[in-house]
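The structure under discussion appears below in the form of structure tokens.
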Amino acid sequence: IHVHTSDGTDLVQFEVRPHNTTSDASIIYMSWCAQIDELIVVLNNGEVHFFTAKGEESSDPICLNDEIAVCSGMVNGVALVSCQTVYIIYREDGAYSESRVDLPEGIYGILCCAAVPEANSSSGYNEVLVCPDVETGAESQRILHKATFGRKSSIDLVDVSEFMPRAERIHRLAVASTTSRISMVVDDGSDSFKLFAGDLDFNYCHQVCDMLTDTPPAQLFWVGEETISYLFLHSQYDESTNFDSSMYCYPYPGDDHSDVPPQSNSLILAGVDCVMDVPKDAYVAQEVDGIRIISSDTFVLVQAASQEVLSVFRDQSSTASLLMQAYDMYAQEQRGSVETIRTVSYTHLTLPTKRIV
């Protein structure tokens with residue numbers, strides 16, 4: 001494992017040594033425990049290891065002796081799901097503890113999961129949403145389960161048939177970092193996947209868009225609280241299609257009960273020229289105030305632009321817009337930057353901005 005700073009400086013490198021040496025173990029998930037800035041490393045054989053930022057083991061590993069299918073990060077730990085059991089590993093009273101609840105029988109695969117922190121859940125406890133792989137044509141009530149880790153852990157079916165009557169599988173789940181909102185990539189048996197969003201208790205849920213593809217996105221995530229985004233990777237498609245990695249952003253449809261799906265809204269993203277300029281090997285990490293795009297040679301923080309920023313690009317004759325145009329031309333060494341900057345009315349600029357000009 002390599003630990004880097006945000007500017008790419010290599011801080012430390014270290015190895016993870018499985019306790020069970022008889023199996024071919026590999027790392028399938030990593031996340032940070034925000035409480036004490038420790039790294040949690042999950043192996044596919046069910047071992048969970050804990051390290052400081054210096055690469056030193058901070059606690060004894062927890063061995064679940066189960067084949068883990070999917071994982072999801074929590075504020076103070078991690079959620080893990082196998083075909084039989086939902087686990088959470090969490091830090092409490094200075095040590096890591098484990099809780100588990102068994103899934104119903106008849107599940108032969110797990111498509112995705114999402115951890116819901118206790119601060120955002122209606123129960124006041126940590127919850128994990130689990131989407132099993134079910135037989136085609138199965139009732140939509142079976143495609144989503146919720147594990148609640150309270151005084152007495154429980155597993156319940158979540159009935160989504162009212163909002164997604166034709167849903168057969170949920171392939172991707174994403175929970176907003178600071179609100180009780182969820183987004184889902186749904187297979188409804190047609191030739192294209194659909195994007196849905198709503199609240200965690202499913203009091204309301206809307207279709208956001210038709211993805212117009214029969215391939216689910218590599219990742220689904222939230223950019224802040226109001227923007228849902230998903231990522232398609234170059235590697236998901238045949239080389240002959242010449243498909244570039246791309247990211248699509250949609251506004252959250254709102255908390256009302258309108259049945260009219262909103263139109264696509266392409267947001268301007270800080271730090272990225274265009275949502276099509278995504279590295280081929282990109283991986284997205286969801287943050288509280290945005291996302292981080294990480295690749296072999298890229299580390300970018302992306303945030304949804306505010307309405308004030310968007311207004312700059314709508315009115316091409318505004319002072320702010322002219323300043324942006326002049327800066328772009330200046331950065332590209334175009335002579336037009338001089339003429340453009342001369343058209344700016346200094347009366348509308350603050351003193352610090354005048355000095356920059």
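The values are calculated or read from the model by the stated rules, or taken from the named source; none is laboratory data. Everything numeric here is computed off the predicted structure, so don't read it as measured data. Cβ coordinates were reconstructed from backbone atoms using ideal geometry, including for glycine residues, and neighbour counts include every protein chain displayed. Protein only, heavy atoms only, side chains kept; ligands, DNA and RNA dropped before computing areas. Shrake-Rupley method; radii C 1.70, N 1.55, O 1.52, S 1.80 Å.
Between region 235-253 and region 313-357, how far is it from one alpha carbon centroid to the other, in angstrom?
Taking the Cα centre of each part, region 235-253 and region 313-357 sit 34 Å apart.
Please give the per residue accessible area of region 1-159, computed with a probe of 1.4 Å over protein heavy atoms only, in Å².
I get 51 Å² per residue for this part.
Tell me which lysines have Cα within less than 25 Å of residue 280's Cα, excluding those fewer than 8 residues away on the same chain?
Result set, ordered by chain and number: 194.
Counting only helical runs of four or more DSSP H residues, what would the 222 nm mean residue ellipticity of the chain come to if each run contributes -39,500 (n - 2.57) and the total is spread over all its residues?
Taking each H run of at least 4 residues, the total per residue is -2500 deg cm²/dmol.
In region 279-357, what percent of the accessible surface is made up of carbon and sulfur (1.4 Å probe, ligands and nucleic acids excluded)?
For region 279-357, the apolar C and S fraction of the accessible surface comes to 55 percent.
Got a number for carbon plus sulfur as a percent of region 1-111's accessible area, 1.4 Å probe? Each step should come with its number before you reach the end.
Values: 2590 of 5910 Å².
Percent of accessible area from carbon and sulfur atoms in region 1-111: 44.
For residue 305, what residues show an amide H to amide H distance below 5 Å, using hydrogens built from the backbone and excluding near sequence neighbours?
Excluding prolines and chain starts, which carry no amide H, the hits are 268, 270.
Distance between the C-alpha centers of region 275-294 and region 30-63? Whole Å please.
23 Å
I want to verify the translational diffusion coefficient of the chain in µm²/s; compute it with Stokes-Einstein, Rh as the Kirkwood radius over Cα pairs, at 37 °C and 0.692 mPa s.
Diffusion coefficient, whole number: 145 µm²/s.
About the Cα centre of region 171-253, how large is the charge dipole given +1 on each Lys and Arg Cβ and -1 on each Asp and Glu Cβ? Please answer in debye to the nearest 20.
Values: 3 positive and 12 negative charges, 50 e Å.
For region 171-253, the charge dipole is close to 240 debye.
Work out, step by step, the length gained on full extension between residue 57 and residue 328: first 0.36 nm times the residue separation, then minus their alpha carbon distance; give nm to one decimal. Write out the running numbers ahead of the final one.
Values: separation 271, 0.36 × 271 = 97.56 nm, distance 4.79 nm.
Contour length minus Cα-Cα distance gives 92.8 nm.
Quick check: at a probe of 1.4 Å, how many percent of the accessible area of region 156-240 sits on carbon and sulfur atoms?
On the way: 1380 of 3250 Å².
That fraction is 43 percent.
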